[in-house]
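S.K.: My questions will all concern the structure given below.
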Amino acid sequence: MADKKKGQTPTTVADKKKRRRPDPSSDDDTHHPFKSRLEPDELIRQTLDDLRSATASSSSSSKSITLADLAVGSTCREVCDLNLPAVQSEIELQMLKVIKSILDGNGFAFEVPSRAAANQLYVPELDRIVLKDKTSLRPYANVSTVRKATITARLLQLIHQLCLKNIHVTKRDLFYTDVKLFQDQTQSDSVLDDVSCMLGCTRSSLNVVASEKGVVVGRLIFSDNGDMIDCTKMGMGGKAIPPNIDRVRDMQSDALFILLVEKDAAYIRLAEDRFYNRFPCIIVTAKGQPDVATRLFLRKMKLELKLPVLALVDSDPYGLKILSVYGCGSKNMSYDSANLTTPDIKWLGIRPSDLDKYKIPEQCRLTMTDQDIKTGKEMLEEDFVKKNPKWVEELTLMVKTKQKAEIQALSTFGFQYLSETYLPLKLQEQDWI
């Protein structure tokens, strides 16, 4: 043991100093790159105020274009909000059509709008995906469609009951009314979208809501079913976004912008740091894939408050997909894109070009899988991506380098680097596309 110690090189004071880690709270640029480039917060807030004014001016002056104004309007279908008596009447009308089909000798069948990918259309003037008018028959006497036809009839019956009782239920409640028939909630959820499209109404008009998922925090006050909610006083967890958007009224805010965050982890970091007080904003997240309530809530905030929306998502194809669902709509619910999409969302970060620009270490970057690369290439073929040359440039860089990164990669420079340096610098440089 003594010989082993004798053979070791003695540790000097200089070596200890060399290995000493930098203080996380230090302002040293080696630990917080670019922090020295930050301007005073007042100047950054002035930049954001200019952006807010430009957004409000644009919203007031531009005429809203609808599908009916365009030549493709006659070949596409859209739904609208209906009151309960109107939904009830539509259901009864659908059943009268089924009865007529039986009496005419054509059997029990529903005519259902097709929501297949081939029946989707991106409309550049609207910057969203819409559903074309192709339909298909769903006969009871066909072995391949008998289950779906039965589920369709059962859901129409249940929704008719909701109309009569004037009550709301969750999609999970609906599933548990007939588990043996539905078998899996994805099946009842899918047919529920078919029913909404058949009746020509939004899904919220059916009085069927999803469980609470999205949350909001920051400079927003609104009325939720008569109760006034101040989102600056909701703690780190924020206020759950109400599943029934009709309950939300009287939105008030002194925010300069809305920050849309993809993931819960980044949201918690910003909420705990009270980023919304340093730069007045409203922070909202759906904790991943956007749900209907969060999409409706975001659109309502954007239109009523006339605020710009900046998005913070992962630098991978799925982050961009999530961003596109908020902005252009999902193919699954393209029939309701007019109510679910939020126009002019700006991509703030994390972008593929940020990985080198902000010196994200190699060990914090992830190698894209074959599926990631395939998804990225497929997105490059989407019309809503092609419309924005800067999106094409960023996505092309991602696929070329085969590198992706999560928002949490910024934590390599310190847990508060996101709120203290990265986002302020992005806002200062107006680095969004």
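S.K.: Suppose we keep only residues that are over 29 Å from the mean Cα position of the chain (by Cα) and part of a loop (DSSP other than H, G, I, E, B) within segment 155-185. Which one would you say is surrounded by the fewest Cβ atoms within 10 Å (Cβ to Cβ)?
M.R.: My answer is ASN166.
S.K.: For a quick check of your reading of the model, give me the residue pairs whose first member lies in segment 353-372 and is open to solvent by 90 Å² or more (accessible area, probe 1.4 Å), whose second is part of a helix (DSSP H, G or I), with beta-carbon atoms closer than 6 Å and at least 6 apart or on different chains.
M.R.: That search, which allows pairs on different chains as well, returns nothing.
S.K.: Name every residue in segment 119-148 that is in contact with a Ser or Thr (Cβ under 9 Å, 6 or more places away or on another chain) and acidic (Asp, Glu), in order of residue number.
M.R.: Across segment 119-148, the qualifying residues are ASP127, ASP133.
S.K.: With segment 207-299 as the region, which strands (runs of 3 or more DSSP E) entirely inside it contain at least 2 residues that are at pLDDT 95 or above and within 19 Å of the chain's Cα centre (by Cα)? Show your work before the answer.
M.R.: Numbers: elements: 215-218, 221-224, 227-230, 248-252, 257-261, 281-285.
Counting at least 2 such residues, we get 215-218, 257-261, 281-285.
S.K.: Looking at ALA54, ALA118, ALA68 in this structure, which one is part of a helix (DSSP H, G or I), open to solvent by 70 Å² or more (accessible area, probe 1.4 Å), closer than 21 Å to LYS387 by Cβ and hydrophobic (A, V, I, L, M, F, W, C)?
M.R.: On the way: ALA54 fails: open to solvent by 70 Å² or more (accessible area, probe 1.4 Å); ALA68 fails: closer than 21 Å to LYS387 by Cβ.
None of the others qualify; the one that does is ALA118.
S.K.: Farther than 17 Å from GLY200 by Cβ, of a type in the set (A, V, I, L, M), open to solvent by less than 50 Å² (accessible area, probe 1.4 Å) and in a strand (DSSP E or B): does that describe ILE151? Quick ask: steps written out before the conclusion?
M.R.: Numbers: farther than 17 Å from GLY200 by Cβ: yes; of a type in the set (A, V, I, L, M): yes; open to solvent by less than 50 Å² (accessible area, probe 1.4 Å): yes; in a strand (DSSP E or B): no.
Considered against the rule, which asks whether it is farther than 17 Å from GLY200 by Cβ, of a type in the set (A, V, I, L, M), open to solvent by less than 50 Å² (accessible area, probe 1.4 Å) and in a strand (DSSP E or B), ILE151 comes out as no.
S.K.: May I pose another question? For VAL215, all conditions in the list (1) touching a residue at least 12 places away in the same chain (Cβ under 8 Å); (2) surrounded by fewer than 20 Cβ atoms within 10 Å (Cβ to Cβ) hold save one; what is the number of the exception?
M.R.: Against the list (1) touching a residue at least 12 places away in the same chain (Cβ under 8 Å); (2) surrounded by fewer than 20 Cβ atoms within 10 Å (Cβ to Cβ), VAL215 comes up short only on (2).
S.K.: Follow-up. Step by step: first the residues of segment 36-45, then only those that are surrounded by 13 or more Cβ atoms within 10 Å (Cβ to Cβ) and in a helix (DSSP H, G or I), then the one that is farthest from the chain's Cα centre (by Cα). Which residue is that?
M.R.: Start the filter on segment 36-45 by keeping residues that are surrounded by 13 or more Cβ atoms within 10 Å (Cβ to Cβ), which leaves 38-39, 41, 44-45.
Imposing the further condition that a residue be in a helix (DSSP H, G or I) reduces the set to 41, 44-45.
On the way: ASP41: 29, ILE44: 26, ARG45: 26 Å.
Looking at the filtered set, the residue picked out is ASP41.
S.K.: Something else about it: Considering only residues that are open to solvent by less than 10 Å² (accessible area, probe 1.4 Å) and β-branched (Val, Ile, Thr), which ones fall in segment 242-287?
M.R.: VAL248, ILE258, VAL261, ILE282, ILE283, VAL284, THR285
S.K.: Test each condition in (1) closer than 28 Å to GLY329 by Cβ; (2) crowded, with 19+ Cβ neighbours inside 10 Å; (3) of a type in the set (A, V, I, L, M, F, W, C) for VAL392 and report the one that comes out false.
M.R.: With (1) closer than 28 Å to GLY329 by Cβ; (2) crowded, with 19+ Cβ neighbours inside 10 Å; (3) of a type in the set (A, V, I, L, M, F, W, C) applied to VAL392, the lone miss is (2).
S.K.: Look at ILE129 and say whether it is in contact with a His (Cβ under 9 Å, 6 or more places away or on another chain) and within 21 Å of MET333 (Cβ to Cβ).
M.R.: Details: in contact with a His (Cβ under 9 Å, 6 or more places away or on another chain): no; within 21 Å of MET333 (Cβ to Cβ): yes.
No.
S.K.: Test of understanding: among LEU395, LEU425, LEU380, which residue is among the aliphatic types (A, V, I, L, M) and without any contact (Cβ under 8 Å) to a residue 40 or more places away in the chain? I'd like the intermediate steps shown before the answer.
M.R.: Working: LEU395 fails: without any contact (Cβ under 8 Å) to a residue 40 or more places away in the chain; LEU425 fails: without any contact (Cβ under 8 Å) to a residue 40 or more places away in the chain.
Unique residue meeting the criteria: LEU380.
S.K.: Checking the conditions here, which among LYS233, LYS239 is in contact with a strand residue (DSSP E or B) (Cβ under 6 Å, 6 or more places away or on another chain), free of Cβ contacts under 8 Å to residues at least 60 places away in the same chain, open to solvent by 20 Å² or more (accessible area, probe 1.4 Å) and on the phi < 0 side of the Ramachandran plot? Can you show your working first?
M.R.: On the way: LYS233 fails: in contact with a strand residue (DSSP E or B) (Cβ under 6 Å, 6 or more places away or on another chain).
Of the residues listed, the single one that is in contact with a strand residue (DSSP E or B) (Cβ under 6 Å, 6 or more places away or on another chain), free of Cβ contacts under 8 Å to residues at least 60 places away in the same chain, open to solvent by 20 Å² or more (accessible area, probe 1.4 Å) and on the phi < 0 side of the Ramachandran plot is LYS239.
S.K.: Can you find, within segment 301-314, the residue that is farthest from CYS197 (Cα to Cα) among those that are open to solvent by 20 Å² or more (accessible area, probe 1.4 Å) and not in a loop (DSSP other than H, G, I, E, B)? Give the derivation first.
M.R.: Filtering segment 301-314 for residues open to solvent by 20 Å² or more (accessible area, probe 1.4 Å) gives 303-306.
Keeping just the survivors that are not in a loop (DSSP other than H, G, I, E, B) gives 303-305.
Working: LEU303: 25, GLU304: 27, LEU305: 30 Å.
Here the residue is LEU305.
S.K.: I would also like to ask the following. For residues that are open to solvent by 60 Å² or more (accessible area, probe 1.4 Å) and either under 29 Å from PHE275 (Cα atoms) or not charged (D, E, K, R) (or both), tally how many sit in segment 398-419.
M.R.: Quick first cut of segment 398-419, residues open to solvent by 60 Å² or more (accessible area, probe 1.4 Å) only: 400-402, 406, 408, 415-416.
Filter once more, so that each one left must be either under 29 Å from PHE275 (Cα atoms) or not charged (D, E, K, R) (or both): 401, 406, 408, 415-416.
Within segment 398-419, residues that are open to solvent by 60 Å² or more (accessible area, probe 1.4 Å) and either under 29 Å from PHE275 (Cα atoms) or not charged (D, E, K, R) (or both) number 5.
The values are calculated or read from the model by the stated rules, or taken from the named source; none is laboratory data. Remember, predicted model here, so these are calculated numbers, not experimental data. Virtual Cβ from ideal backbone geometry, glycine too; neighbours counted across all protein chains shown. Please note that ligands, DNA and RNA were not included when accessible areas were found on the heavy atoms of the full protein model with its side chains. Shrake-Rupley method; radii C 1.70, N 1.55, O 1.52, S 1.80 Å.
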